[in-house]
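K.L.:
Can you keep this structure in mind? I'll have questions shortly.
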Amino acid sequence: MNTRIIKVDPIKPDMSSIALAGDIIREGGTVAFPTETVYGLGANAFSEEAASRIFEAKGRPKDNPLIVHLKGPDQLRMVSVVDDRVMRIAMKVWPGPVTFVLPKAGELPSSVTAGLATVAVRVPAHPVALALIDLSGTLIAAPSANLAGKPSPTTAQHVIEDLNGRVDAIIDAGETFFGVESTIVNLTVDPPVLLRPGALGIEELEPIVGRIIVPEEAQGYSESMVAIAPGMKYRHYAPTKKVVLVGRSENYLRVLKKSTECGRPAAICSEEIEPEVERMGIKSIIIGRESDLYTVARGLFSSLRKLDEIDADFGIAQPFSENGIGLAIMNRLRKASGHNIVNSPSELPSALNRQC
Ligand code: TXA
Ligand code: MG
């Protein structure tokens, strides 16, 4: 398949270019597009055949449902059951990096919701995504635009690496704004339940939604297969090389030092700690600044991808605060490490499966 690359400005996109991508969606094709969180791989949400192309292109398991992207809360009733409370919440939060799970309504094909009685919906806060939904004349079902299991793409280049030749078009509008996916909240239960931490912290959501239950699974502590968002049970966000996450930051440099006896490490660390790592003669991949977790979120997935490209055997990742967007950062790092979390140098050999 010949993938068309369509380059546009993220803030003032050329509408005729986006109209072209909208035509592809309307005609049943697949288009990767930027949102404020990560790039999505979109298709017509009302076509079973179009939606199935998403699963095929990504190698995504069929039991993992997609998010339906709307251009505004007024489109909610096309796919879900909405009462006044939900409408009020939606009007306050959207456009924005939050996905709500609601009772399903209307004619959505079953592959989009993986046969569930609920549907995940959101209005993305990105001019290109909103224009694409508008010009496609339909709603767009989209998961993240990566191969299943890989870190989500935050640049068009990431999408090209994973999906070139597997999708009809890729809209290149540079880097996404947040760098981690939307926060998913189940509004079909009372109180609402967090299904996946994301770009908007629950501290910011609770004043709008009310108290939100945060189960251990949603934080990424549990390795259990009982996942509340179906997608969260799969191996995820993982580079090919092994990543070990250090549990407490005060142990980071000691564990890192020990890791040089196990092979060639790459430190996946903050800008603040990098000079120390450099002094130890260890290679580093800087995620962002610890003092500004938004920079860490933005650098997270490209850092994980970079690990596979550089000359190192494995990555040793530094932990971050779990406040605000930090909860999503730590959730993704726990998953990227396959729950290989160590707190002392002596735990390293078994975590790395190496003798040292
Ligand atoms: O920011 C984002 O959420 C990005 C952009 C493209 O919108 N999308 C994204 O989709 O990250 P992804 O690949 O995470 O897939 C959708 C997630 C999966 O974890 C899936 O299990 C969950 O949403 N999901 C979809 N429908 C659901 C439902 N009815 N109940 C619970 N979880 C659902
Ligand atoms: Mg995904």
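The values are calculated or read from the model by the stated rules, or taken from the named source; none is laboratory data. Every value quoted in this text rests on a predicted model; they were computed, and no experiment measured them. As a convention, Cβ positions derive from the backbone with ideal geometry for all residues, glycine included, and neighbour counts pool all protein chains shown. Heavy atoms of the whole protein, side chains included, go into the accessibility calculation; ligands, DNA and RNA do not. Shrake-Rupley method; radii C 1.70, N 1.55, O 1.52, S 1.80 Å.
K.L.:
Take the residue pairs LYS242/LYS283; LYS241/LYS283; LYS150/LYS306; LYS62/LYS242 and return only those whose Cα atoms are more than 18 Å apart.
P.N.:
Beyond 18 Å: LYS62/LYS242.
K.L.:
Let me ask something else about it. What whole-number distance in Å separates the alpha-carbon centres of the range 184-210 and the range 250-325?
P.N.:
30 Å
K.L.:
Once R0 is set to 41 Å, what does the formula 1/(1 + (r/R0)^6) return for the Cβ-Cβ distance between SER346 and GLU309, expressed as a FRET efficiency to the nearest 0.05?
P.N.:
FRET efficiency, SER346 to GLU309: 0.85.
K.L.:
Here's something else I'd like to know. Output the relative contact order of the chain, whole-number percent, from Cα pairs under 8 angstrom with separation of 6+ residues.
P.N.:
After rounding, I find 19 percent.
K.L.:
Moving on. Which are the unpartnered cysteines of the chain, meaning those with no other cysteine Cβ under 4.7 Å from their Cβ?
P.N.:
For the chain, the answer is CYS269, because their Cβ atoms have no other cysteine Cβ under 4.7 Å.
K.L.:
Taking Cα pairs under 8 Å and at least six residues apart, what relative contact order does the range 47-192 come out at, in percent? Could the numbers behind the result be given before it?
P.N.:
Working: 224 pairs, mean separation 43.8, N = 146.
Computed over the range 47-192, the figure is 30 percent.
K.L.:
With no solvent and one equal point scatterer placed on each C-alpha of the range 97-136, evaluate the Debye formula and give log10 I(q)/I(0) for q = 0.20 Å⁻¹, two decimals.
P.N.:
-0.73
K.L.:
If N is the number of residues in the range 1-147, what value comes out of its Cα radius of gyration divided by 2.2 N^0.38 Å?
P.N.:
That ratio works out to 0.97.
K.L.:
Find the all-direction average of the projected area of the Cα convex hull for the range 119-212, expressing the result in square nanometres with one decimal place.
P.N.:
7.2 nm²
K.L.:
Now a separate question. Please sort 258-264, 330-336, 35-41 by packing, taking for each peptide the average over its residues of neighbouring beta carbons within 10 angstrom, highest first.
P.N.:
Ranked from most to least packed, the peptides come out as 35-41, 330-336, 258-264.
K.L.:
Which distance in nm do the two modelled labels at ARG354 and ASP74 give, with both placed 7 Å along the Cα-to-Cβ direction?
P.N.:
So the two model labels end up 5.8 nm from each other.
K.L.:
Extending each Cα 7 Å along its Cβ direction at ASP84 and GLU49, get the distance between those two points in nm, one decimal.
P.N.:
4.4 nm
K.L.:
What distance in nm separates the two pseudo spin-label positions at SER291 and GLU206, each 7 Å out from Cα along the beta-carbon direction?
P.N.:
Taking the two extended label points, one gets 2.8 nm.
K.L.:
Which of the peptides 176-186, 99-109 is most tightly packed, and how do the rest follow, going by the mean number of other Cβ atoms within 10 Å of each residue? The partial results should precede the final answer.
P.N.:
Details: 176-186: 25.2, 99-109: 19.1.
Most protected by this proxy first, the peptides run 176-186, 99-109.
K.L.:
For the range 43-174, what % of the accessible area comes from carbon and sulfur atoms, probe 1.4 Å?
P.N.:
Carbon with sulfur: 52 percent of the solvent-accessible area.
K.L.:
Debye calculation, C-alpha points only, no solvent: report log10 I(q)/I(0) for the chain at q = 0.11 Å⁻¹, in the same order as the q values.
P.N.:
-0.71
K.L.:
Taking 20 °C and 1.002 mPa s as the conditions, I'd like the Stokes-Einstein D for the range 159-221 in µm²/s, using the Kirkwood hydrodynamic radius from alpha carbon pairs.
P.N.:
It diffuses with D of about 153 µm²/s by this estimate.
K.L.:
Put one equal scatterer on each alpha carbon of the range 271-339, apply the Debye formula with no solvent term, and list log10 I(q)/I(0) at q = 0.13, 0.19 1/Å to two decimals.
P.N.:
Debye curve over Cα of the range 271-339, log10 I(q)/I(0) at q = 0.13, 0.19 Å⁻¹: -0.35, -0.76.
K.L.:
Now for a separate question. Taking the mean number of other Cβ atoms within 10 Å as a proxy for protection, how do you rank 162-173, 140-151 from highest to lowest?
P.N.:
Details: 162-173: 20.8, 140-151: 24.0.
Descending packing order for the listed peptides: 140-151, 162-173.
K.L.:
Show the residues, 5+ positions off or on another chain, whose built amide H is closer than 5 Å to the amide H of LEU195.
P.N.:
Hits under the 5 Å cutoff: ILE184, VAL185, ASN186.
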